[in-house]
Amino acid sequence: ALSEPLKAMIKAILIFNNHGKPRLTKFYMHYAEDEQQQVIRETFQLVSKRDDNVCNFLEGGTLIGGQDYRLIYRHYATLYFVFCVDSSESELGILDLIQVFVETLDKCFENVCELDLIFHMDRVHCILNELVMGGMVLETNMNEIVARFEEQQKLQKSESGFSAMPNRAVSTVRDMNLSQKLRDIKIPDMPSFSSLYQ
Amino acid sequence: MALVRVKGVLDHVLDKNLQDLVRGIRNHKDTEGKYISECIEEIKQELKQESLVVKANAINKLVYLQMLGYDISWAGFNIVEVMSSPKFTFKRIGYLAASQSFHDGTDVIMLTTNLVRKDLNSTNTYDAGVALSSLSCFMTGDLAHDLANDIMVLMTSTKPYLRKKAVLLMYKVFLRFPDSLKPAFGRLKEKLEDPDPGVQSAAVNVICELARKNPQNYLSLAPLFFKLMTTSTNNWVLIKIIKLFGALIPLEPRLGKKLIEPLTNLIHSTSAMSLLYECINTVIAVLISISSGLQNHATSVQLCVQKLQILIEDSDQNLKYLGLLAMTKILKTHPKSVQAHKELIMQCLDDKDESIRLRALSLLYGMVSKKNLMEIVKKLIVHMEKAEGAHYRDELLSKIIGICSQNDYRFITNFEWYVSVLVELAAHKGMKPAQGRAIANQLLDVAIRVQQVRRFAARQMSLLLRNHTFDKQRGGGGSAGLVEVLYAAAWICGEFAVCLAGDEESEDARRATLEAMSLPYVLQLPGEVQAVFVHNQVKLYANLLLAESDAEERVALTTELLTRLEQFVHSEDLEVQERAVCAHQLLKCTAKALRQAAASKTAAIFDVGDVATEDGAGSTAEADGDAVIDRVAKELSGLFAGELNPVAPKAQRKVPLPEGLDLDAWINEPPAPPKSEFDEPVKRKSGKSSGRKKEPEAAVSATVGASASGATNYSSSDPTVAWGGASGGGFEQKEYH
């Protein structure tokens, strides 16, 4: 049993756009980076040929290749959400789960669009981690997931001091050419205490 | 000093963050690779800084690059550094990077044990939470061993959020560290009744997964799950439990019988399609396991099939797909119920959705009858021509062969039709070797077993050999499958050469076939196929030789073949070479004998004048010559005489042992045992059980004992488990509505 490969219930979760560019990739079994890219390409090939009014289940592909796995996907505007799952998962249940994931993203990003995922991939991972853990479904209640995400965001904001400035402040600072000004600063000599108590 | 530190941080304020990186990549679409290399260099510099802030930012960027396909394992140590940051903001970045890039082979994992333990025990909920989540992605055996206790403790945390995550993580711990299951199991079972639904759900999830791998050990939990099934309103939990029952049913048929009623009720009452579908699936599993009690459960079968029909007819493609999927399961044990929906399934074959077509295809096995086989196959061939995906086309081909050959060709009424179908299939371009082989095997099988079709089959194969479009330029790249069929074609023509002889209906095809078998392209075929070509040319030739009466013709035939075989004699493939050389020598001898016989005949004719008195002698010589030639021809064809009949796999057993042969007796005297005080002399007796050792049985009973004691551990304290009882347990009293 120790040498048995970890068979995840959900093997991978992929989000990519209509051109196959990855927006989020989570593999719950180990694949080297080049294999991961091949899987992404292949999954995109399979999924993009499908009409919009066919079923959301796919067979065939490396991820699947004869084993117990199936691709379950949904297409929202410019993005494909693909879950690769095994037979321990309910197919319709996973479809519902994808819907929960998307609605949660919508709530957390306020009318989520592809750009949000592009620029804030780390936040999307944070949300996903509340939904699925190690390839197993963790939580299916949207409100619970949103609440957890927002608490974590709040925690990060409360930790922020100088070192975690919001973006606007950063760009303001950038425009000031601060680094040049810093180099020009002449730091005056501090009085030495020892001289005071002579 | 403080100012210097501030200065240092400010310097790095202008480091690119994640958004800058993404923006930069988008702005450098044409030089993306180069731009990213520069960014990676910057990241490497940032990782050399002391500040964890800077490092965390760098790692955040690396996670993004990993998604684009860049290996980030070189930053493993830095990732661990960031994981150890006291601030959640940075810690979570480190853990994210770890979950995306750490795996069994990552050596820095061993550095994480203590810091993960610290986070698991942190008072900050989210520190623990992020550690738990991330750990589920890179759990190794060592980590499982070292952290099992800490995780187990979290299963009873006051915070449901952490309990939930800890419970789910235990599954990974169990996988990597199986010994942890026993001590943790009690607590896990308790979590099935945790007040928090999320925790309960996680516990159900874990136990269902454990039970899938080892159903036997969890049979005792069935009553507990039964209770959960009737009290829970969470569809996810219900689905998991019902799926679990599906796995337990084959082991305990009584469980199945008890489940029919509650499941049927759920089917009638639920509005959740996902739940409905899983209930149907499990009812099917029950029906399969108790198929002996068919009469009592006819209504259940009916209900399932009826519900599935509704699913298949739904316009929602997903429901259609799942309906077909479930039908496939019923097919095995209740084919008649499925056959009633033949029309519906045939319609699905025309669905524009390939997934649905594939499902409908797998149902075809049960649909086929003698009457509709040809119609179905015709439809499938049409599909093959239209098919876009190679996978679908291959499936179609396998199915066509599958349904035709099932049950020893039970549904085929006309074998000539089937041979033509196979020939038609063989003509498809771009066929893969596996498919070609399948067709070839069918051709061979049918030709050997169905005597009546041999004439037709041989003629078809002859045509194939003479007219096929094997692409010589491309070395047969596009016709890898066709090559396999040619193998069969050559063999059939050789073996049943007699069928190619001329008769009232057609001309003699043997010479033409023979010529076709030594065309130059044959040298490009794979070795095994060439070998068959060589050998069967000789068979064909032998047949021709026997049939030919004219001596000169015979000699000509022989010399012709000799010349043609020369191209194979120098083949690189050993088998081909051997066969060609053997054949060559054989033919040389034959040629010599034929020539001598012919010469003596001619001599006898010309000698008539000289040996006037030996009229009889002259004609005898002539007759002798003919006789020799005939004998040579007969001997040659004797090499290939006899029909090859297919032999049943169990035929050997039916062969009676000859008298006096004891297969179990020792052939030689056993060797003398080694002289040692610890070795007992090995006693041997001749007879049936001589070689069988008794030791393995002891080992078997040892393991049974171990797992039995393990099992009692799980169910000992629970009085509700009266499951094994002869009366069927205290189950009857409970209400399930």
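All distinct Cα pairs of segment A:10-159 go into the 1/r average, and the inverse of that average, the Kirkwood radius, is 15.8 Å. A P(r) calculated from all alpha carbon pairs of segment B:209-347, with 5 Å bins opening at zero, reads 2, 10, 21, 23, 20, 15, 7, 3, 1, 0 percent.
Using a Cα distance threshold of under 19 Å, what count of lysine pairs results for segment A:10-159 when pairs must be 8 or more residues apart or interchain?
Numbers: A:11/A:26; A:21/A:49; A:107/A:154; A:107/A:157.
For segment A:10-159, the number of qualifying lysine pairs is 4.
Taking all protein chains as shown and a probe of 1.4 angstrom, residue B:586 keeps an accessible surface of around 60 Å².
Remark: mean inter-chain Cβ contacts per residue of A:90-98 equal 6, using a 10 Å Cβ-Cβ cutoff to other protein chain atoms. Per residue of peptide B:214-222, the mean number of Cβ atoms on other chains within 10 Å of the residue Cβ is 0. The alpha carbon gyration tensor of segment B:348-479 gives principal lengths a ≥ b ≥ c with a/c of 1.5 or higher and a/b no greater than b/c, which makes the shape oblate.
Sequence-ordered 3J(HN,Hα) estimates for segment A:119-124 from the Karplus curve with 6.51, -1.76 and 1.60 and θ = phi - 60° stand at 8, 10, 4, 5, 5, 4 Hz, glycine and proline given as x. Per-residue accessible area (protein heavy atoms, 1.4 Å probe) orders B:112, B:158 as B:158, B:112, starting from the largest. Describe numerically, in nm with one decimal, the distance between label points set 7 Å from Cα along Cα→Cβ at residue B:424 and at residue B:664. Spacing of the two 7 Å Cα→Cβ label points: 5.7 nm.
Annotation: aspartates and glutamates with alpha-carbon distance below 13 angstrom to residue B:189 (same-chain offsets under eight excluded): B:718. Using the Cβ-Cβ distance between residue B:647 and residue B:45 with R0 = 51 Å, the FRET efficiency computed as 1/(1 + (r/R0)^6) comes to roughly 0.10. Surface burial for B against A, with a 1.4 Å probe and both sides summed, reaches about 7000 Å² of accessible area.
Starting from the residue with the highest accessible area, list B:666, B:491 in decreasing order, probe 1.4 Å. Kindly include the intermediate steps, with their values, before the conclusion.
Working: B:666 125, B:491 45 Å².
Order by accessible area, largest first: B:666, B:491.
Straightening the chain between residue B:28 and residue B:179 buys 49.1 nm, computed as 0.36 nm per residue apart minus the Cα-Cα spacing. Using r as the Cβ-Cβ distance of residue B:504 and residue B:362, and R0 as 41 Å, what FRET efficiency do you calculate, to the nearest 0.05? Between residue B:504 and residue B:362 the formula returns 0.35. A 1.4 Å probe, protein heavy atoms only, puts the accessible area of residue B:424 near 80 Å². Taking a straight line from the alpha carbon of residue B:432, these aspartates and glutamates sit under 19 Å away, with near neighbours fewer than eight places off in the same chain left out: B:385, B:388, B:394, B:395, B:424, B:471, B:484, B:528. Could you tell me which residue out of A:133, A:58, A:104 lies farthest along the dipole of segment A:10-159 toward its positive end? Charges go on the beta carbon: Lys and Arg +1, Asp and Glu -1, centred on the Cα centre. Highest projection toward the positive end goes to A:58. Per-residue 3J(HN,Hα) values for segment B:576-591, derived from phi via the Karplus relation 6.51 cos²θ - 1.76 cosθ + 1.60 with θ = phi - 60°, read 4, 4, 4, 5, 5, 5, 4, 4, 4, 4, 4, 5, 4, 4, 4, 4 Hz in sequence order (x marks Gly and Pro).
Kindly identify segment B:157-242 as rounded, prolate or oblate by the Cα gyration tensor criterion: order the square roots of the eigenvalues as a ≥ b ≥ c, call it rounded if a/c is under 1.5, otherwise compare a/b with b/c, prolate if a/b is larger, else oblate. Oblate is the answer for segment B:157-242, as a/c is 1.5 or above yet b/c matches or exceeds a/b. When nucleic acids and ligands are ignored and a 1.4 Å probe is applied, residue B:70 ends up with an accessible area of around 70 Å². Can you bin segment B:93-186 into rounded, prolate or oblate? Criterion: square roots of the alpha carbon gyration tensor eigenvalues sorted a ≥ b ≥ c, rounded for a/c under 1.5, prolate for a/b above b/c, oblate for the rest. Verdict is oblate for segment B:93-186. Give B:61/B:172; B:61/B:91; B:34/B:61 a once-over and call out the pairs whose C-alpha atoms are over 19 Å from each other. Those over the limit are B:61/B:172.
For segment A:10-159, the solvent-accessible area works out to 38 Å² per residue, with a probe of 1.4 Å and every protein chain left in place. Give me the lysines in straight-line cross-link reach of residue B:378: C-alpha distance below 19 Å, same-chain residues under 8 apart excluded. The reachable lysines, counting only those whose Cα sits under 19 Å from residue B:378, are B:342, B:352, B:370, B:386, B:399, B:429.
Per residue of B:418-427, what is the mean number of Cβ atoms on other protein chains within 10 angstrom of that residue's Cβ?
On the way: counts 0, 0, 0, 0, 0, 0, 0, 0, 0, 0.
If you average over the peptide's residues, the count of other-chain Cβ atoms is 0.
The values are calculated or read from the model by the stated rules, or taken from the named source; none is laboratory data. Note that this is a predicted model, so its numbers are computed, not measured. Please note: Cβ atoms are built from the backbone with ideal geometry, for glycine as well, and neighbour counts cover all protein chains shown. We work out accessible area using only protein heavy atoms, side chains counted, and drop any ligands, DNA or RNA first. Shrake-Rupley method; radii C 1.70, N 1.55, O 1.52, S 1.80 Å.
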